[in-house]
1. Output the number of the condition that residue 93 fails; it satisfies all remaining conditions of (1) free of Cβ contacts under 8 Å to residues at least 24 places away in the same chain; (2) at positive phi.
2. Looking at 84, 37, 17, which one is surrounded by fewer than 16 Cβ atoms within 10 Å (Cβ to Cβ), more than 15 Å from the chain's Cα centre (by Cα) and at pLDDT below 90?
3. Just the residues that are in contact with a helix residue (DSSP H, G or I) (Cβ under 9 Å, 6 or more places away or on another chain) and buried (at least 17 other Cβ atoms within 10 Å of the Cβ), please, taken from the range 49-71.
């Protein structure tokens, strides 16, 4: 949700009241049902091309995410990723991807917001 709020603060006894109104307006914008849309979906498969193919078939079973990134075998893909904002999807065959053994990737798995192991019968 994108919104613009203009608040005029004046000095005086009403300052605390105005500050409370500002906090309420801020938290009203930051909370909401669209919160899942801004999370990053990291999709891990055996290869990137295989992950894209499988993800096309199974993504309807999961919430939609604004950003989807397919993880290759190179650990540099994980640079700059905050696991608190990551929904990780482990597709069938992901154990064959060398990144699964990478310590940085293990850290992402341990700290991710959500980790989902997609089974063979989930539309694959």
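1. So the condition that residue 93 fails would be (1).
2. 17
3. Keep residues of the range 49-71 that are in contact with a helix residue (DSSP H, G or I) (Cβ under 9 Å, 6 or more places away or on another chain), which gives 51, 63-71.
Residues satisfying the conditions are 51, 65, 70, 71.
The values are calculated or read from the model by the stated rules, or taken from the named source; none is laboratory data. From a predicted model like this one, the values you see are computed outputs, not experimental measurements. No Cβ is skipped: glycine too gets one built from the backbone with ideal geometry, and neighbour counts run over all protein chains shown.
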